[in-house]
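The structure appears below as structure tokens.
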Amino acid sequence: MPALTPCLWFDMNAQEAAEFYTKVFPNSRILSTSYYPEGAPAPAGTVLTVEFELDGVRFTALNGGPQFPFTEAVSFRIDCADQDEVDHYWDSLLADGGEESQCGWLKDRFGLSWQVVPRRLVELLESSDPEVAQRANAAMMTMRRIDIAQVEAAARG
């Protein structure tokens, strides 16, 4: 299968977004930058695309303009090992104008949606005991940031 690279359409702040994301995620880097040529829809020399990696996953950030803003229809899920990781990504992605949603979802300051999901939550939601899964789900539904200790306590009953 060929490599898949998400292309994220930004309103002329693609470079700022790529720099932000590569600071939030470990083992990340900017790979390359291209620029609009003369006669393009933006002034020559304006950033057109930024290729970047987030811990080995490649993305393209495109400066396309305001026509196509992000919606919750597309989000990126972050699989977190523990509460420290949940807290790091939650706080970092909300910095400087992000917006909390519910059940571990948020929008960063660029409007891109993220799901900050602890592995333990998934384990409890997939429990072979339907009552454990139901209690974990009910607890999650009351939260914005997922609190693993509270979900575990609810799951135990």
Q: Tell me, yes or no, whether region 79-93 has at least one residue that is touching a strand residue (DSSP E or B) at 6+ places or on another chain (Cβ under 6 Å) and β-branched (Val, Ile, Thr).
A: yes
Q | From the options Pro43, Pro26, Pro6, residue that is more than 24 Å from Arg77 (Cα to Cα) and not β-branched (Val, Ile, Thr) | A | Pro43
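What do you reckon, is Ser101 touching a Ser or Thr at 6+ places or on another chain (Cβ under 6 Å) and at negative phi?
Values: touching a Ser or Thr at 6+ places or on another chain (Cβ under 6 Å): no; at negative phi: yes.
No: the conditions fail for Ser101.
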Q. Can you spot a residue in region 4-15 that is loosely packed, with under 15 Cβ neighbours inside 10 Å, touching a Pro at 6+ places or on another chain (Cβ under 9 Å) and not in a helix (DSSP H, G or I)?
A. yes
Q | Only listed residue being more than 18 Å from the chain's Cα centre (by Cα) and surrounded by fewer than 16 Cβ atoms within 10 Å (Cβ to Cβ), chosen from Gln102, Gln150 | A | Gln150
Q | Ser128 being outside the structural domain of Ser32 (by TED's automatic domain parsing), at pLDDT 95 or above and surrounded by 16 or more Cβ atoms within 10 Å (Cβ to Cβ) | A | no
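In the list Asn63, Asn27, which residue meets the criterion of being surrounded by 17 or more Cβ atoms within 10 Å (Cβ to Cβ) and not assigned by TED's automatic domain parsing to the domain that holds Arg120?
On the way: Asn27 fails: surrounded by 17 or more Cβ atoms within 10 Å (Cβ to Cβ).
Step by step, each of Asn63, Asn27 is checked, and only Asn63 is surrounded by 17 or more Cβ atoms within 10 Å (Cβ to Cβ) and not assigned by TED's automatic domain parsing to the domain that holds Arg120.
Out of curiosity, is Asp108 out of contact with any strand residue (DSSP E or B) (no Cβ under 7 Å at 6 or more places or on another chain), at negative phi and either in contact (Cβ under 8 Å) with a residue 12 or more places away in the chain or crowded, with 20+ Cβ neighbours inside 10 Å (or both)? Even if it seems obvious, please write down each step before you answer.
Numbers: out of contact with any strand residue (DSSP E or B) (no Cβ under 7 Å at 6 or more places or on another chain): no; at negative phi: yes; either in contact (Cβ under 8 Å) with a residue 12 or more places away in the chain or crowded, with 20+ Cβ neighbours inside 10 Å (or both): yes.
The answer is no for Asp108.
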Q. Are any residues in region 30-51 closer than 19 Å to Leu112 by Cα and surrounded by fewer than 18 Cβ atoms within 10 Å (Cβ to Cβ), and if so, which ones?
A. Ile30, Glu51
Q: Output the number of residues of region 88-108 satisfying the condition of being closer than 18 Å to Tyr21 by Cβ and out of contact with any Phe, Trp or Tyr (no Cβ under 8 Å at 6 or more places or on another chain).
A: 10
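Arg144 - would you say it is part of a loop (DSSP other than H, G, I, E, B), basic (Lys, Arg), within 26 Å of Gly157 (Cβ to Cβ) and at pLDDT 95 or above? Working first, answer last.
Working: part of a loop (DSSP other than H, G, I, E, B): yes; basic (Lys, Arg): yes; within 26 Å of Gly157 (Cβ to Cβ): yes; at pLDDT 95 or above: yes.
Considered against the rule, which asks whether it is part of a loop (DSSP other than H, G, I, E, B), basic (Lys, Arg), within 26 Å of Gly157 (Cβ to Cβ) and at pLDDT 95 or above, Arg144 comes out as yes.
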Q: Give the residue that is farthest from Phe25 (Cα to Cα), with candidates limited to residues of region 124-141 that are assigned to a loop (DSSP other than H, G, I, E, B) and over 21 Å from the mean Cα position of the chain (by Cα).
A: Asp129
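Please determine whether any residue of region 48-56 is out of contact with any helix residue (DSSP H, G or I) (no Cβ under 9 Å at 6 or more places or on another chain), touching a residue at least 40 places away in the same chain (Cβ under 8 Å) and farther than 18 Å from Glu16 by Cβ.
The initial filter retains those residues of region 48-56 that are out of contact with any helix residue (DSSP H, G or I) (no Cβ under 9 Å at 6 or more places or on another chain), namely 55-56.
Checking which are touching a residue at least 40 places away in the same chain (Cβ under 8 Å) leaves us with none.
No: region 48-56 contains no residue that is out of contact with any helix residue (DSSP H, G or I) (no Cβ under 9 Å at 6 or more places or on another chain), touching a residue at least 40 places away in the same chain (Cβ under 8 Å) and farther than 18 Å from Glu16 by Cβ.
The values are calculated or read from the model by the stated rules, or taken from the named source; none is laboratory data. These numbers were taken from a predicted model, which means no experiment stands behind them. With ideal geometry, Cβ positions are generated from the backbone for all residues, glycine too; neighbour counts draw on all protein chains shown.
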